[in-house]
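Engineer: Structure incoming, see below.
The values are calculated or read from the model by the stated rules, or taken from the named source; none is laboratory data. As the structure is a prediction and not an experimental result, all values here were calculated from the model. Note: ideal-geometry Cβ built from the backbone for every residue, glycine included; neighbour counts use all protein chains shown. Note: accessible area is taken over every heavy atom of the protein model, side chains too, but ligands, DNA and RNA are not part of it. Shrake-Rupley method; radii C 1.70, N 1.55, O 1.52, S 1.80 Å.
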Amino acid sequence: MALQLVQAVRSILERVSELTGKSIDFVEKEDLPVLAMITMAVQDSPHHRLFFKRDHDELVNHVIANECGHILRLYSAPEEKRLIPVASQKTLGSYTGEMEADIKRLYQIYPPEKLMNLIMLWYESALYQLTKMPSDIMIEKWLYRDYPELLPIQLRSIGAQNEKAVATLAVDIRKTMPGRIYDACNIMNYVYFKVMEETFDLNYVEPYRFTKYFARGEELLSLMKPIEMDSHEGDVLVINAWAKFFHFSEWFEWAPLGKTPRQHLH
């Protein structure tokens, strides 16, 4: 299926090209785990690459708009402040060291080879959420404010995200992964959907009301609001505050855009 995008998303893509000075190369890729994703051009490349699945629906518009929002926020910062979260052997070592007790417990559930894959998956998933969600919150507000024609698609997409997030509240899921990561992800989900609830005047967080994630989520939200700035620099401050809250600060590092190792987290 050809990639059919609404006018608002085409305009956002044009803004990305204008701001970054690089065009966007569209690439169909059937084995993507998501509807679409953009990889930013390295310094010597003239193109960003937008990968999309052949089998997609209109929600691809929201996915692409969100991806573009991250690039626009990053490139709107002064060049010396364009920082990217990265992983390294050092940060991975910090993670595995802190997860040692959980890893020993989970050896009773999973075969060693599968557990090793899951250990990396949990690490990447937790840090992806930590280092992306504060920006996502501001991007959704921006889309709502500046691109009202996207609202029906935006609400469908966020509603689908909410359904998946609420499904992870099942107690049996917590038993099969590190409890610290499971709790952190649910707390971050609460904050995200609480802000979306306030933005769209919809009920997203009722399922969290009688869980421990309500109080912890409100605590995390209170840390965010005093330093919330609608910029990439503000995103970095919030991410660092969240990392300190969860004691994840040693699990990733910041590196300048264009000088990052291949293990970047976005």
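Engineer: In nanometres, what is the gap between the two model label sites at Thr96 and Arg49, each 7 Å from Cα along Cα-to-Cβ?
Structural biologist: Each label point is offset 7 Å from its Cα along the Cβ direction, giving 2.8 nm.
Engineer: Let me ask something else. May I ask you to derive the relative contact order of region 111-266, considering only C-alpha pairs under 8 Å and at least 6 residues apart, and to give it as an integer percent?
Structural biologist: Numbers: 92 pairs, mean separation 44.9, N = 156.
Normalised by residue count, the contact order of region 111-266 is 29 percent.
Engineer: For semi-axes √(5λ) of the Cα gyration tensor in Å, the choices are [x] 33, 22, 18; [y] 23, 23, 18; [z] 29, 23, 20; which was calculated from the structure?
Structural biologist: Evaluating semi-axes √(5λ) of the Cα gyration tensor in Å on these atoms matches [z].
Engineer: Let me ask another. Starting with the highest mean, order 90-97, 26-33 by the number of other Cβ atoms within 10 Å, averaged over the residues of each peptide. All intermediate terms of the calculation are to be shown ahead of the outcome.
Structural biologist: Details: 90-97: 15.2, 26-33: 11.1.
So the order, starting with the most tightly packed, is 90-97, 26-33.
Engineer: Right, another one. Taking the alpha-carbon centroid of each part, what is the distance from region 93-170 to region 20-85 in angstrom?
Structural biologist: Each part reduced to its Cα centre gives a spacing of 19 Å.
Engineer: Would you mind getting me the FRET efficiency between Ser88 and Leu151? Use the beta-carbon distance for r and R0 = 45 Å, nearest 0.05.
Structural biologist: Details: r = 40 Å, r/R0 = 0.89.
So the FRET efficiency works out to roughly 0.65.
Engineer: Sticking with this one: Just how many pairs of Lys in region 53-192 have C-alpha atoms closer than 19 Å, counting pairs that are eight or more places apart or on different chains? Don't jump to the answer; show the numbers that get you there.
Structural biologist: Values: Lys81/Lys132; Lys104/Lys114; Lys104/Lys175; Lys114/Lys175; Lys132/Lys141; Lys132/Lys164; Lys164/Lys175.
Final tally of qualifying lysine pairs is 7.
Engineer: Also: Kindly report the accessible area of region 9-151 per residue (heavy atoms of protein chains, probe 1.4 Å, no ligands, DNA or RNA), in Å².
Structural biologist: Values: 7290 Å² over 143 residues.
Counting only protein heavy atoms, the per-residue value for region 9-151 is 51 Å².
Engineer: Taking the Cα-to-Cβ direction at Ile227 and at Arg105 and moving 7 Å from each Cα, how far apart do the two end points lie in nm?
Structural biologist: 2.9
Engineer: Relative contact order of the chain, please, whole-number percent, based on alpha carbon pairs below 8 angstrom and at least 6 residues apart. Kindly include the intermediate steps, with their values, before the conclusion.
Structural biologist: Working: 297 pairs, mean separation 69.0, N = 266.
It rounds to 26 percent for the chain.
Engineer: Once a ≥ b ≥ c are taken as the square roots of the eigenvalues of the Cα gyration tensor of region 67-173, is the result rounded (a/c under 1.5), prolate (a/b larger than b/c) or oblate (a/b not larger than b/c)? Write down the numbers at each step before the final one.
Structural biologist: On the way: a/c = 3.81, a/b = 1.52, b/c = 2.51.
Oblate.
Engineer: A further question on this structure: Between Pro111, Pro207, Pro85, where does the largest GNM mean-square fluctuation fall for the chain, given springs only between Cα atoms within less than 10 Å?
Structural biologist: With Cα springs under 10 Å in the chain, the top fluctuation among Pro111, Pro207, Pro85 is at Pro111.
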